[in-house]
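The values are calculated or read from the model by the stated rules, or taken from the named source; none is laboratory data. If you're wondering where the values come from, they're calculated on a predicted model, not measured in any experiment. Cβ: placed from backbone, ideal geometry, glycine included. Neighbour counts: every protein chain shown. Note: areas computed on protein heavy atoms with side chains; ligands, DNA, RNA excluded. Shrake-Rupley method; radii C 1.70, N 1.55, O 1.52, S 1.80 Å.
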Amino acid sequence: MKRTVTSHLDLGLSAPARLVFAIAGAQGSPFASESLALSVDGVPVVARELVDFTGNRMHVLDAIGSKVLMDYEAVVDGESAPPPVDDFDLITYLRPSRYCESDSLAPTAAAEFSGTHGAELLDAVSTWVSGILTYVPGSSLPTDGAVRTFLGRQGVCRDYAHLCIALLRAMNVPARLAAVFAPGLSPMEYHAVCEAYLEPSDTNAGGWYVVDATRLAPRQSLLRVATGRDAADTAFLTNYGGTVTLDGLEVTAVVDDFGTDDGSQLIQLR
């Protein structure tokens, strides 16, 4: 499977700022080619690349100027190894977090999913969240978490993912957020999905499996960018310093062979 992805950001700065981009494919992706170009007021600059223990790649730029342009392109030919399983992660991703208030939603999870386990639970949570939420671009605030999404009954991809994560954690299933490129997504944008951990059993090999209640793109085509507790760990842009305006955003993601995804399969992010 060959995936080609691009990302373009056009940013306006009010004052000097440290910009942290999380827009590149994760470490370990089988890149056939990759390029990242940055400029400040038309002058090419180079960002520092930082890689954390999860394989997230962050590009840090100390920008002094008024206009920053970022262009990223990658061709990924093949699939990554299955996501590793780490005992520390399995504890971290059971805890409530900034946008995934699993403690507050525990009574709801128990009422809706008591007695459901394993792959059946993942499917039940995905189906339930898909049924109660309406996908409405621009309907949520950057500060909205799973509780507010549950009460408001609408949101975008990160809101769907946060609610799935919170409900699964409340059912004692480790769950986390993955920021991805998503071939087939329409309208094309950065995308976010939930990943949930299942123990090995007679019906699955065990590991991290994708849960996407939006059902807007085939899960087997997704390309991992960043992984974390929630959107606080995986934002495509974070700024420290001057105000940043997003004057332009373009994302593309294409794959040479779309798979069929009816939502019921156990699929890993590869």
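When the strands (runs of 3 or more DSSP E) confined to the stretch 4-84 are screened for residues that are out of contact with any Phe, Trp or Tyr (no Cβ under 7 Å at 6 or more places or on another chain), open to solvent by 50 Å² or more (accessible area, probe 1.4 Å) and of a type in the set (Asp, Glu), those reaching at least 3 such residues are found at 67-77. Name, by its number, the condition in (1) in a loop (DSSP other than H, G, I, E, B); (2) open to solvent by 20 Å² or more (accessible area, probe 1.4 Å) that does not hold for ARG224. Failed condition: (1). Filtered by the rule that a residue be of a type outside the set (D, E, K, R) and open to solvent by 10 Å² or more (accessible area, probe 1.4 Å), the stretch 175-187 gives ALA179, GLY184, LEU185, SER186, PRO187.
This table checks each residue for (1) touching a Leu at 6+ places or on another chain (Cβ under 9 Å); (2) farther than 13 Å from GLU73 by Cα; (3) among the aromatic types (Phe, Trp, Tyr).
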residue: GLY28; (1), (2), (3): no, yes, no
residue: GLU34; (1), (2), (3): no, no, no
residue: VAL43; (1), (2), (3): no, yes, no
residue: VAL46; (1), (2), (3): yes, yes, no
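The condition of being under 22 Å from LEU11 (Cβ atoms), hydroxyl-bearing (Ser, Thr, Tyr) and open to solvent by 10 Å² or more (accessible area, probe 1.4 Å) holds for only one of THR252, THR214, that being THR252.
Let's see how each residue does on (1) within 17 Å of the chain's Cα centre (by Cα); (2) more than 26 Å from MET188 (Cα to Cα); (3) modelled with pLDDT of 95 or more:
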site	(1), (2), (3)
LEU13	no, no, yes
ARG18	no, yes, yes
GLU34	no, no, yes
ASP52	yes, yes, no
MET58	yes, no, yes
ILE64	no, yes, yes
SER80	yes, no, no
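Here's the yes/no breakdown for (1) under 13 Å from the mean Cα position of the chain (by Cα); (2) among the small types (Gly, Ala, Ser):
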residue	(1), (2)
VAL193	yes, no
LEU222	yes, no
ALA232	yes, yes
THR245	no, no
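Can you name the residue in the stretch 110-134 that is over 24 Å from LEU216 (Cβ atoms) and either assigned to a helix (DSSP H, G or I) or not assigned by the TED database to the domain that holds VAL210 (or both) and is also modelled with the lowest pLDDT among such residues? Checked the stretch 110-134; the qualifying residue modelled with the lowest pLDDT is GLY118. Restricting LEU163, LEU167, LEU151 to residues that are assigned by the TED database to the domain that holds HIS117, farther than 30 Å from GLN27 by Cβ and not polar (S, T, N, Q) narrows the list to LEU151. A Cβ distance below 9 Å, combined with a sequence gap of six or more or placement on separate chains, defines the contacts here; from the stretch 179-190, residues that are touching a residue at least 60 places away in the same chain (Cβ under 8 Å) and farther than 15 Å from PHE236 by Cα reach residues that are open to solvent by 20 Å² or more (accessible area, probe 1.4 Å) and among the aromatic types (Phe, Trp, Tyr) in the pairs PRO183/PHE258; GLY184/PHE258.
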